[in-house]
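First up is the structure itself, then whatever we jot down about it.
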Amino acid sequence: MFTNRFAHSQRTTQRAQLRCSRTITALMLLSAILILSWDASEAGESVPDLRGQYEGYLFGPGVNGLRPVSSSFIEQDNLRRFTGLVVAGDGNHTGGVNFDIEGTIAASGKCTCVGTKDSQFVYQARWITFGGGAGALIGEGAMALSDGSVRGTLIQVRPFKFDMPDARPDIGGDYAGVVEGLKGTTGGLVLGITDGTSNTLTLKLEFHVGLEVSRFEAVGDVDTDGQVVAVGVSSDGSVLVLKGIVSPRDGVLAGTVSIQSAAGKLLDSGSIIAILIG
């Protein structure tokens, strides 16, 4: 009986992996069709410039949950079409999986890209800009990693452009403060900011509203004037967009936050103010 149960469990796992792989393949085919149709229909329209380096996170179901994802480069040869390299961390901590990608960006900021060279990767996203060269891609991603196929919310942030990278102010540390407006009330805020990679910042945010605690892992940046931007993702796939201003001298950060779905539906919003405590 034990052998039969084990064999049944194996078959169930294999069927689940096969369904997920088929889903990624189907999404890649659909995305390829969309890329071809956009390339024909968007001619002559102004589109966003996606060129640059990005850092972000994929949050999918399962024990591995949050995974770092970076785009070491995105090149945009003829405005609408782009190519690049995406590196996604896997649950086996083997350094990540590389995906060569190609895609199309529409004038509306809607973006679709797929893996090339037999790599199983598909990403349907929207582009938002913060000014000063900073921006983000936010959407749903699916990819095949060494520990299985994963699908979830995928965010990637491009930092501000600097003539002199050393001009970026140091705002790292632990902050505490209040958030107003989320769920229509006032709550507490805990924020940690550390240096990330590719000249980005890594942020960990906790909102304490009533008996609920919402946690976000985020990537962001700060410009020479103290403007702070960040995009994060929570365990339920919700997306955080933060825009604010910080005074490094006084250690005070103030701004606005919005909670959105991966597709861009506004779920909640509020304002924050936090003080550097360590």
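What the Kirkwood sum gives for region 205-254 is a hydrodynamic radius of 12.0 Å, with every pair of different alpha carbons counted. The residues neighbouring LYS161, those whose beta-carbon lies less than 12 Å from its own, together hold a net charge of -1 under the Lys/Arg +1, Asp/Glu -1 convention.
Cβ-Cβ distance of VAL178 and SER108, R₀ of 45 Å, FRET efficiency by 1/(1 + (r/R0)^6): the value works out to about 0.80. For the pair ASN199 and LYS265, the difference between a 0.36 nm per residue extended length and the Cα-Cα distance amounts to 20.8 nm. The Cα-based radius of gyration of region 101-173, divided by its Kirkwood radius, gives an Rg/Rh of 1.09. The equivalent ellipsoid of region 147-224 has semi-axes of 26, 20, 10 Å, largest first, where each one is the square root of 5 times an eigenvalue of the Cα gyration tensor.
For the residue pairs LYS117/LYS161; LYS117/LYS204; LYS117/LYS243; LYS110/LYS161; LYS161/LYS183, alpha carbon separations beyond 29 Å are given by LYS117/LYS161; LYS117/LYS204; LYS117/LYS243; LYS161/LYS183. The three principal axes of the C-alpha atoms in region 167-276 carry coordinate ranges of 37, 27, 18 Å, sorted with the longest axis first.
Full extension of the chain between SER72 and ARG249 gives 60.4 nm of extra length, using 0.36 nm per residue less the Cα-Cα distance.
Residue separation of ASP147 and THR186 scaled by 0.36 nm, minus their Cα-Cα distance, works out to 9.9 nm of gained length.
Only the coordinates and a few stated rules stand behind these numbers; no lab work does. As the structure is a prediction and not an experimental result, all values here were calculated from the model. For neighbour counting, all protein chains shown are included, and Cβ atoms are generated from backbone atoms with ideal geometry for every residue, glycine included.
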